[in-house]
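The values are calculated or read from the model by the stated rules, or taken from the named source; none is laboratory data. Bear in mind the structure is a predicted one, so any value in this text is a computation, not a measurement. Positions of Cβ are generated from backbone atoms using ideal geometry, with glycine treated the same way; all protein chains shown enter the neighbour counts. Ligands, DNA and RNA are excluded from the accessible area calculation, which covers all protein heavy atoms including side chains. Shrake-Rupley method; radii C 1.70, N 1.55, O 1.52, S 1.80 Å.
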Amino acid sequence: EAGTAPVKPLTGKHILVTAGPTHEPIDPVRYIANRSSGKQGFAIAAALARRGARVSLVAGPVALPTPPGVTRIDVETAREMAAAVEAALPADAAVMVAAVADWRTEGERQKIKKQAGGATLHLTENPDILAGLGARKDRPHLLIGFAAETEKVIEHATAKLARKGADWIVANDVSGDVMGGDANTVHIVSQDGVESWDRMDKAAVADALAERIAKALA
Ligand code: CTP
Ligand code: CA
């Protein structure tokens with residue numbers, strides 16, 4: 001119809017996205033982190049916003065511009081990310097793309113000096129943000145995790161689906177050159193089984209996932 005814009009499929013939905021790594025300080029000049037460019041998570045946030053969703057993007061330290069129409073909350077550590085996620089609730093869906101550091105250290109106030117014999121770090125486990133969301137009464141209706149695996153991709157992703165109470169795990173085979181790159185080979189693991197997608201660039205993965213989310217929330 002002339003003059004009427006088509007209704008975007010995610011209009012009225014609030015979707016939470018986490019992206020990028022977290023940095024866990026060892027001392028004022030060093031940190032522990034996972035490898036993550038944030039590209040896939042930012043592309044997903046952009047694809048959801050283009051479809052009309054209100055998007056809260058909780059981002060670890062990355063060098064990427066904020067996609068149009070997206071509300072960005074910058075964090076550094078896993079615990080900050082967990083708090084920002086909680087503060088952004090309620091959400092209709094959550095897409096947890098962040099490569100959260102599994103451990104943190106106490107964080108020394110002063111720079112640790114080199115010593116003969118090396119050094120020992122005491123690592124404490126970080127909160128699992130996705131599993132925390134999965135266990136909440138007010139859990140997002142659709143809860144999606146990502147799993148970057150180097151082997152036994154489907155097996156590990158299936159175990160994470162159950163362990164974290166997620167609806168879908170987007171399993172990502174990172175045995176090749178995906179880290180920081182522009183393409184991705186993913187498998188959507190859910191209670192209904194496994195759906196394997198052709199290798200495509202991260203923008204295409206984002207669009208396909210946003211379409212699947214729109215269908216699931218419709
Ligand atoms: N995740 C999270 N909080 C954590 C760790 C992971 O929210 N502390 C989320 C990630 O954002 C991702 C999913 O859980 O959506 C899977 O992350 P992954 O690191 O693959 O899972 P882990 O349970 O940490 O298992 P692994 O031993 O393989 O690292
Ligand atoms: Ca992990």
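Within the stretch 97-122, the set of residues being open to solvent by 100 Å² or more (accessible area, probe 1.4 Å) and within 16 Å of ligand 1 (Cβ to nearest atom) comprises TRP103 only.
The criterion of at least 3 residues that are open to solvent by 50 Å² or more (accessible area, probe 1.4 Å) and away from ligand 2 (no atom under 16 Å from the Cβ) is met by the following strands (runs of 3 or more DSSP E) wholly inside the stretch 1-96: 70-74. Residue check: is MET200 open to solvent by 20 Å² or more (accessible area, probe 1.4 Å), within 15 Å of ILE44 (Cα to Cα) and either among the basic types (Lys, Arg) or modelled with pLDDT under 95 (or both)? So MET200 fits the description; yes.
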